[in-house]
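In what follows, a structure is listed as structure tokens, so that the remarks can point back to it.
The values are calculated or read from the model by the stated rules, or taken from the named source; none is laboratory data. From a predicted model like this one, the values you see are computed outputs, not experimental measurements. Neighbour counts run over all protein chains shown; Cβ positions are idealised from the backbone, glycine included.
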Amino acid sequence: MFRPAHRSVSLSEALLPAFNPGLPALPGNRARAAAFLLVMVLAGFVLGWRLDAVKAPIWDEAYYLTAEARVHQGRLQFASHPPLGILLIAAGDAASGLNRDVDWGRIAAAKSIRGEDMPPGFDWRGPRLAPAVFGALAAGLFFLLMADLAGSTGAGLLLTPLFLCDPALVAQFRAGQLDAFQLVFVLAALLCAVRALHSPAHGDGGMRGRAWTAGFGAAVMLAAMVRLNALMLAPLGLVLLWPCLRQGDWIPALARAASGLVATLLAAGWVTAAMLAASPLPPDAGTAAGRIDAAHVSRDYTRQGLIPALATYAVDYAGFMRADLSGMARGDDNASHPGQWLLGGGAITYRWDASDARVSTVALVPNRVAWLISLAGVLWAATLACASRGRSLGQAPVAVLLLAGWLLNMAALAWLDGQRVMYAYHYFIPLMLGHALAALAWRQARCNERLAVPALVGLTLYAILALPLALHQPVSPEHCRALLDDCGGAT
């Protein structure tokens, strides 16, 4: 009778059999699905806990709350960013029913609002619900991406603290802001791209490749309909044609390109149509916000056919965004620059409250360990490209895609840095791409999971120190000043 040789196994192999396909384990899909749900539950707990701790607008909530109010009124409007994020915030609030009887007209009158001007009884969990839910979904998608790139469910779980332990992400996702929505679509796009590159050109694989390419196109456009900077991912669609082109198969390559393009256009049209459908009423000329919006309406969209109305509204919306950008400040006390973000700089104090020698803040505090690991992933890919003069990357299209995406996004951020004020959260897309490259480096180096222990310890300790500053928990002034320049009245 055959007796397999005995060998010692690591703790991770014993607890997470997906590290080693040779050991008995749950079927791969079931194990990964269970891990995906576990990650989402953990993230959901952190993001949903005391969601209404701050009963006042946090940062750009002052603008998004008024935009949400106009959606509830059914008023046509324009905003600094495309409309999908606003629609999702409004949908989450409406689904919760927490603000069903609120005076939305009072909130909608201006383009921004102060906490003291909010109507009585407003429940702050309403506008923050959808970002928190999408933040938990983003955590799950991050795990799936890490698992695909690192090669196993266990390795994906080891890498997921890069996301879960980052207080910068937590702070953004717990407020009625746009980042959670955009990162869900960005991570979905990257996941689709990786799977498209692993799909062959012909047969069932060819069909899967076209489906994943379509998913990539739709997800990139949906991310761009939250914030336009995600459009810098669109050129990566050309890399998805590589499985077909390396075999000289032009027809399958064109089919992939067509599927991605059609999905992209459909996503853009769907969001624009949804915004118009949610806005059957003209801007309210009796309010300051309504007069601003009315000035950018070129014609009555209801008198046009569907396609002309969508096109005209899109052009008018783009005109409003250009005007808004031209009037934007070039800097403020919370501003930072791309070079700082690479090293985890650019922390922002959104709000502080001090009492009894304690200070409570809502702050975007990057986990420097996580952000440095992201940079290390980029440096690994760049070093590999330089050392091999591009030949090694030519055999690794996933690395090409991720590194190109990082370079394109950083180039766009460097350009924008000269046009408008910039903040650390603008770095989130390159941050995710760097994490993805770190996962690839992990897989190529065939690292033992023991090497992850120091990084996990560092991530955890930094998170323990920084998370209270993101969660509005009382800390000592010394604790606050260790991570933030602005601790308000703390002494």
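Mind checking which residues of the stretch 241-291 are under 27 Å from Tyr317 (Cβ atoms) and either of a type in the set (Lys, Arg) or in contact with a strand residue (DSSP E or B) (Cβ under 8 Å, 6 or more places away or on another chain) (or both)?
Once the filter is applied, which keeps residues that are under 27 Å from Tyr317 (Cβ atoms) and either of a type in the set (Lys, Arg) or in contact with a strand residue (DSSP E or B) (Cβ under 8 Å, 6 or more places away or on another chain) (or both), the stretch 241-291 yields Ser279, Leu281, Pro282, Pro283, Asp284, Gly290, Arg291.
Tally the residues that are hydrophobic (A, V, I, L, M, F, W, C), within 19 Å of Val226 (Cα to Cα) and in contact (Cβ under 8 Å) with a residue 12 or more places away in the chain, restricting the search to the stretch 266-289. Give the derivation first.
Within the stretch 266-289, the first condition is being hydrophobic (A, V, I, L, M, F, W, C), and the residues that meet it are 266-268, 270-271, 273-278, 281, 285, 288-289.
Those still in the list that are within 19 Å of Val226 (Cα to Cα) too: 266-268, 270-271, 273-278.
Filter again for in contact (Cβ under 8 Å) with a residue 12 or more places away in the chain, leaving 266-268, 271, 273-276, 278.
The qualifying residues number 9.
Just one of Asp101, Asp166, Asp93 is of a type outside the set (Gly, Ala, Ser), over 14 Å from the mean Cα position of the chain (by Cα) and modelled with pLDDT of 95 or more; which is it? Let's see the steps before the verdict.
Working: Asp101 fails: modelled with pLDDT of 95 or more; Asp166 fails: over 14 Å from the mean Cα position of the chain (by Cα).
One residue alone meets the criteria, Asp93.
Residues that are in contact with a strand residue (DSSP E or B) (Cβ under 6 Å, 6 or more places away or on another chain) and touching a residue at least 24 places away in the same chain (Cβ under 8 Å): does the stretch 171-184 have at least one?
Taking the stretch 171-184 first, the residues in contact with a strand residue (DSSP E or B) (Cβ under 6 Å, 6 or more places away or on another chain) are 171.
From what's left, touching a residue at least 24 places away in the same chain (Cβ under 8 Å): 171.
Checking the stretch 171-184: at least one residue is in contact with a strand residue (DSSP E or B) (Cβ under 6 Å, 6 or more places away or on another chain) and touching a residue at least 24 places away in the same chain (Cβ under 8 Å).
Of these, Leu261, Leu265, Leu222, Leu231, which one is within 21 Å of Leu407 (Cβ to Cβ) and at pLDDT 95 or above? Give the steps one after another, and end with the answer.
Numbers: Leu261 fails: within 21 Å of Leu407 (Cβ to Cβ); Leu265 fails: within 21 Å of Leu407 (Cβ to Cβ); Leu222 fails: within 21 Å of Leu407 (Cβ to Cβ).
Every option except Leu231 fails the conditions.
Residues that are crowded, with 19+ Cβ neighbours inside 10 Å and either modelled with pLDDT under 95 or farther than 30 Å from Ala90 by Cβ (or both): does the stretch 287-298 have at least one?
no
Show the residue pairs that are 6+ apart or on different chains and have beta-carbon atoms under 8 Å apart, the first residue being within the stretch 200-212 and within 18 Å of Leu236 (Cβ to Cβ) and surrounded by 15 or more Cβ atoms within 10 Å (Cβ to Cβ), the second being charged (D, E, K, R) and modelled with pLDDT under 90.
That search, which allows pairs on different chains as well, returns nothing.
Regarding Ala69, is this residue in contact (Cβ under 8 Å) with a residue 40 or more places away in the chain, among the small types (Gly, Ala, Ser) and either in contact with a helix residue (DSSP H, G or I) (Cβ under 6 Å, 6 or more places away or on another chain) or not in a loop (DSSP other than H, G, I, E, B) (or both)? Full working, then the answer.
Details: in contact (Cβ under 8 Å) with a residue 40 or more places away in the chain: no; among the small types (Gly, Ala, Ser): yes; either in contact with a helix residue (DSSP H, G or I) (Cβ under 6 Å, 6 or more places away or on another chain) or not in a loop (DSSP other than H, G, I, E, B) (or both): yes.
Criteria not met by Ala69.
Wholly within the stretch 360-438, which helices (runs of 4 or more DSSP H) include no fewer than the required count, namely at least 1 residues that are touching a residue at least 60 places away in the same chain (Cβ under 8 Å) and more than 17 Å from the chain's Cα centre (by Cα)? Walk me through it before giving the result.
Values: elements: 368-387, 391-394, 397-416.
The helices (runs of 4 or more DSSP H) meeting that bar are 368-387, 397-416.
Does Val220 fit the bill of being surrounded by fewer than 24 Cβ atoms within 10 Å (Cβ to Cβ) and on the phi < 0 side of the Ramachandran plot? Let's see the steps before the verdict.
Numbers: surrounded by fewer than 24 Cβ atoms within 10 Å (Cβ to Cβ): no; on the phi < 0 side of the Ramachandran plot: yes.
No, not satisfied.
Select from the stretch 28-79 the residues that are more than 22 Å from Gly115 (Cα to Cα), surrounded by fewer than 17 Cβ atoms within 10 Å (Cβ to Cβ) and among the charged types (D, E, K, R) and list them in ascending order.
Once the filter is applied, which keeps residues that are more than 22 Å from Gly115 (Cα to Cα), surrounded by fewer than 17 Cβ atoms within 10 Å (Cβ to Cβ) and among the charged types (D, E, K, R), the stretch 28-79 yields only Arg30.
Considering only residues that are touching a helix residue (DSSP H, G or I) at 6+ places or on another chain (Cβ under 8 Å), part of a helix (DSSP H, G or I) and in contact (Cβ under 8 Å) with a residue 60 or more places away in the chain, which ones fall in the stretch 462-486?
Matches in the stretch 462-486: Tyr462, Ala463, Ala466, Leu467, Leu469, Ala470, Cys480, Leu483.
Which of the numbered conditions does Leu343 fail, given that it passes all the others? Conditions: (1) surrounded by 14 or more Cβ atoms within 10 Å (Cβ to Cβ); (2) out of contact with any strand residue (DSSP E or B) (no Cβ under 7 Å at 6 or more places or on another chain); (3) under 30 Å from Met432 (Cα atoms).
All conditions are met except number (1).
Specify the residue that is nearest to the chain's Cα centre (by Cα); the eligible residues are those in the stretch 56-66 that are of a type in the set (Phe, Trp, Tyr) and in a helix (DSSP H, G or I). Please lay out each step first, then the result.
Residues of the stretch 56-66 that are of a type in the set (Phe, Trp, Tyr), as a first pass: 59, 63-64.
Restricting the remaining residues to those that are in a helix (DSSP H, G or I) gives 63-64.
Values: Tyr63: 19, Tyr64: 17 Å.
Among those residues, the one meeting the criterion is Tyr64.
Working only within the stretch 316-359, note down all residues that are under 18 Å from the mean Cα position of the chain (by Cα) and part of a loop (DSSP other than H, G, I, E, B).
Scanning the stretch 316-359 gives Leu342, Gly344, Gly346, Ala347.
From the list Leu461, Leu471, which one is surrounded by fewer than 14 Cβ atoms within 10 Å (Cβ to Cβ) and either closer than 19 Å to Leu169 by Cα or at pLDDT 90 or above (or both)?
Selected residue: Leu461, the only one of Leu461, Leu471 that is surrounded by fewer than 14 Cβ atoms within 10 Å (Cβ to Cβ) and either closer than 19 Å to Leu169 by Cα or at pLDDT 90 or above (or both).
Quick one: how many residues across the stretch 110-132 are assigned to a loop (DSSP other than H, G, I, E, B) and out of contact with any Asp or Glu (no Cβ under 8 Å at 6 or more places or on another chain)?
Total meeting the criteria: 8.
Here's a check for you: in the stretch 256-287, which residue that is of a type in the set (Gly, Ala, Ser) and over 32 Å from the mean Cα position of the chain (by Cα) is nearest to Ser80 (Cα to Cα)?
The extreme case among them is Ala285.
Could you please give the count of residues in the stretch 73-106 that are assigned to a helix (DSSP H, G or I) and either within 23 Å of Val184 (Cα to Cα) or not hydrophobic (A, V, I, L, M, F, W, C) (or both)?
Selection size over the stretch 73-106: 16.
Looking at the stretch 121-130, can you tell me whether even one residue there is touching a Phe, Trp or Tyr at 6+ places or on another chain (Cβ under 7 Å), of a type in the set (A, V, I, L, M) and modelled with pLDDT of 95 or more?
Within the stretch 121-130, none of the residues are touching a Phe, Trp or Tyr at 6+ places or on another chain (Cβ under 7 Å), of a type in the set (A, V, I, L, M) and modelled with pLDDT of 95 or more.
Please go through the stretch 177-235 and pick out each residue that is of a type in the set (Lys, Arg), closer than 23 Å to Ala411 by Cβ and over 14 Å from the mean Cα position of the chain (by Cα).
First, the residues of the stretch 177-235 that are of a type in the set (Lys, Arg): 195, 208, 210, 227.
From the residues that got through so far, the ones that are closer than 23 Å to Ala411 by Cβ too are 227.
Answer for the stretch 177-235, where residues must be of a type in the set (Lys, Arg), closer than 23 Å to Ala411 by Cβ and over 14 Å from the mean Cα position of the chain (by Cα): there is none.
Scan the stretch 129-144 and report the pairs whose first residue is touching a residue at least 12 places away in the same chain (Cβ under 8 Å) and within 12 Å of Ser96 (Cβ to Cβ) and whose second residue is part of a helix (DSSP H, G or I) and of a type in the set (Asp, Glu), with Cβ atoms within less than 7 Å and a gap of 6+ or a chain change.
Here the result reads Leu129/Asp93, each pair linking the stretch 129-144 to a residue that is part of a helix (DSSP H, G or I) and of a type in the set (Asp, Glu).
Has the stretch 252-265 got any residue that is under 28 Å from Pro167 (Cα atoms) and in contact (Cβ under 8 Å) with a residue 40 or more places away in the chain? Even if it seems obvious, please write down each step before you answer.
Quick first cut of the stretch 252-265, residues under 28 Å from Pro167 (Cα atoms) only: none.
For the stretch 252-265, residues under 28 Å from Pro167 (Cα atoms) and in contact (Cβ under 8 Å) with a residue 40 or more places away in the chain: absent.
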